[in-house]
1. Angle, helix 462-473 long axis vs. longest principal axis of the chain, Cα atoms, 0 to 90°, nearest 10?
2. Can you return the aspartates and glutamates within cross-link range of K73? Criterion is Cα-Cα under 15 Å, with same-chain partners fewer than 8 residues away left out.
3. If each residue's Cβ is checked for other Cβ atoms within 10 Å, how do S178, S415, S410 rank with the fewest at the top?
4. Which FRET efficiency, nearest 0.05, do E90 and E336 yield, Cβ-Cβ r, R0 60 Å?
5. What FRET efficiency comes out for D220 versus E309 if R0 is 51 angstrom and r is the Cβ-Cβ distance? Round to the nearest 0.05.
6. Below 14 angstrom from the Cβ of K82, what's the summed charge of the other residues (Lys, Arg +1; Asp, Glu -1)?
7. If I model a spin label as a point 7 Å beyond the Cα along the Cα-Cβ vector, how far apart are those points for D366 and T351 in nm?
8. In region 240-397, if every C-alpha pair distance is counted and binned at 5 Å from zero, what percent goes to each bin?
Amino acid sequence: MLARLAASKWNFNTAAHLLNRAGFGGTPEENEKLFSLGFEPAVSSLIDYEKIEESTPGPEWARPDPERFARFKEARDATPEKKREMRRAEQKEQREHLQELRYGWLQRMAFGPRPLQEKLVLFWHGHFATSAQKVKNASLMWRQNEVFRRNASGNWLQLLTEVSKDPAMLVWLDQAQSRKEHPNENFAREVMELFALGEGHYTERDITEGARAFTGWTFDRLNQEFTYRPNWHDDGNKLFLGQSGRFTGDDALKIIVAQPQCARFITRKLWAFFASENPPDPLVDSLAAILRANRYELKPVLRALFSSEEFYSAQVMRQQVKSPVQWLVGSVKSLERTLPAPQFCANSLRTLGQDLLLPPNVKGWDGGLSWITTNNLINRYNYAAFLVLGEIAAIKGEKSGRPRRSPSKSLVEVSRLFPEELRQNKSALLAALEHRFLQTELKPEHKSTLRSYFESQGEIDETDLLQGIRLIMCTPEYQLI
């Protein structure tokens, strides 16, 4: 398993596939540039992203705000009317900050120099699914986002430890209140079930003993940082996952990660996210062996994954349903336009089923075919029209007396993407559309429909071409990468 891709199979399409999966896609020029690097340098250019300078300062509101805690104390003693006023002001401020966080993250996905890092941040957000609805603090959500970014392809134990101590996670899973008198079993259960081992690889006794190990882990609400309170910790002997000792939370995480199942669990999820669902056990075992052999460093696993022949197989390429985030960011990149306004991005992702920073539950998003429902497809088609056409106005046309729809504010520069001379040859134009938006051919029936549309327009103008782009974005093929 995981044999290296043969040099003869490295081409424009496999390069585009790599950029689609290890990032959010690219323009034909970006795909061509990646291809021209050669196979191994291309993979390294994405994986070794720390060599690329990237500096995005955090917002002012992301810093610890002692006054926020003081405001809570003030509200506690205020009149009912004043409480409502302060609560509305706080909620409005938090909504604005979350909007800024989401939009800034989408900008990094679409235009940042480290696509794999941002793709991994998205993966970890779904894996360690934490919702702002309960955390109620945009600053803590920003800090968790940075934990994912800082450790995206680093050491698995270190990432698991940092996330487990992350204030947003401590609030999300109620660990901040866990004391030796009342250990929080929910936190211990989710760490094993959802983050590191999966169902069936621990016992109820392990949950109880693990919860005792994690007691004392909380956070300083004034300074908004993790803190350990020894007087809250159960220092007694514990029997956890077959080992006995006076374990702390750090000890428990080390024991969890040392389980052979842990390496299989996380590498299976990585393959499912980047390649395909339900990978065969021998492939997972091979990835897990790489993780263990490299002391739980994630980068060697990613390198093996993106270099493997299996990753470029017919069972993987063009077989993954685009997530709403992948669809939106990838569309912006393919169209070479700016990201739409923050409110549009937030509303469209929410409608399509992937509301960033607000996952549906502790398991995150199901992904795969769950992204595709009748309503979601219709919404994708409508949003595609907006991305391509912008605000449109109906005007009288000169061709056959038909009413025409002309873009008034399209942000897609079709004359640059598809030069006028290309429009003279409709077969060449159709191939160029496939090359840019699909990196494969349309199915015959869909190609015939698009060809018929262009044929019916006579001489192709920019409006016709914009409508053609919209049509190709409404095909089943466009919903896949």
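1. Roughly 50 degrees, rounded to the nearest 10.
2. The reachable aspartates and glutamates, counting only those whose Cα sits under 15 Å from K73, are D65, E85, E90.
3. Values: S178 28, S415 11, S410 21.
The most exposed by this proxy come first: S415, S410, S178.
4. Details: r = 40 Å, r/R0 = 0.66.
Given R0 = 60 Å and the Cβ-Cβ separation, E is 0.90.
5. Working: r = 50 Å, r/R0 = 0.98.
It comes out at approximately 0.55.
6. Working: positive: R71, K73, R76, K83, R84, R87, R88; negative: E74, D77, E81, E85, E90.
Net local charge, K82 excluded: +2.
7. Those two pseudo-labels are separated by 2.2 nm.
8. 1, 7, 13, 13, 14, 14, 12, 9, 7, 4, 2, 1, 1, 0, 0, 0, 0
Values quoted throughout were computed directly from the atomic coordinates according to the rules given, and no laboratory measurement underlies them. Just so it is clear, the model here is predicted, and its values are computed rather than measured. Using ideal geometry, Cβ is built from the backbone for each residue, glycine included, and neighbour counts are taken over all protein chains shown.
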